[in-house]
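Novice: This is the structure I have questions about; it appears just below.
The numbers here are math on the coordinates, done by the rules we state, and not lab data. Keep in mind it's a predicted model, so treat the numbers as computed, not measured. Note: ideal-geometry Cβ built from the backbone for every residue, glycine included; neighbour counts use all protein chains shown.
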């Protein structure tokens with residue numbers, strides 16, 4: 001389920017880090033310090049990997065979705081930026 005920018009803006013720190021998923025492998029990781037990071041989760045050769053897309057709010061939800069889409073295209077062409 002796709003979330004809204006308000007959902008991410010309202011994400012509060014907790015005792016442990018947690019993830020808010022936007023779908024298609026895109027998620028926001030919220031750490032106890034309150035920092036929030038965008039990641040793309042994907043698999044290569046049956047191994048789960050993640051790619052950092054930036055720090056929220058410097059990278060907005062729409063920018064993170066665009067970066068996610070761009071990286072997915074590279075992954076499908078086997079041109080990883082890792």
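Novice: Go through 40, 3, 61 for me and flag whichever is surrounded by 14 or more Cβ atoms within 10 Å (Cβ to Cβ) and out of contact with any strand residue (DSSP E or B) (no Cβ under 6 Å at 6 or more places or on another chain). Please lay out each step first, then the result.
Specialist: Details: 40 fails: out of contact with any strand residue (DSSP E or B) (no Cβ under 6 Å at 6 or more places or on another chain); 3 fails: out of contact with any strand residue (DSSP E or B) (no Cβ under 6 Å at 6 or more places or on another chain).
The unique qualifying residue is 61.
Novice: Right, next: For residue 28, are the conditions met, namely being over 15 Å from residue 9 (Cβ atoms), in contact with a helix residue (DSSP H, G or I) (Cβ under 8 Å, 6 or more places away or on another chain) and crowded, with 19+ Cβ neighbours inside 10 Å? First the steps, then the outcome.
Specialist: Values: over 15 Å from residue 9 (Cβ atoms): no; in contact with a helix residue (DSSP H, G or I) (Cβ under 8 Å, 6 or more places away or on another chain): yes; crowded, with 19+ Cβ neighbours inside 10 Å: yes.
The answer is no for residue 28.
Novice: Return yes when residue 21 is free of Cβ contacts under 8 Å to residues at least 60 places away in the same chain and not in a helix (DSSP H, G or I) and no when it is not.
Specialist: yes
Novice: Let me ask something else. Going by the conditions given, is residue 55 surrounded by 11 or more Cβ atoms within 10 Å (Cβ to Cβ), out of contact with any helix residue (DSSP H, G or I) (no Cβ under 9 Å at 6 or more places or on another chain) and not in a helix (DSSP H, G or I)?
Specialist: Values: surrounded by 11 or more Cβ atoms within 10 Å (Cβ to Cβ): yes; out of contact with any helix residue (DSSP H, G or I) (no Cβ under 9 Å at 6 or more places or on another chain): yes; not in a helix (DSSP H, G or I): yes.
Against the criterion (surrounded by 11 or more Cβ atoms within 10 Å (Cβ to Cβ), out of contact with any helix residue (DSSP H, G or I) (no Cβ under 9 Å at 6 or more places or on another chain) and not in a helix (DSSP H, G or I)), residue 55 qualifies.
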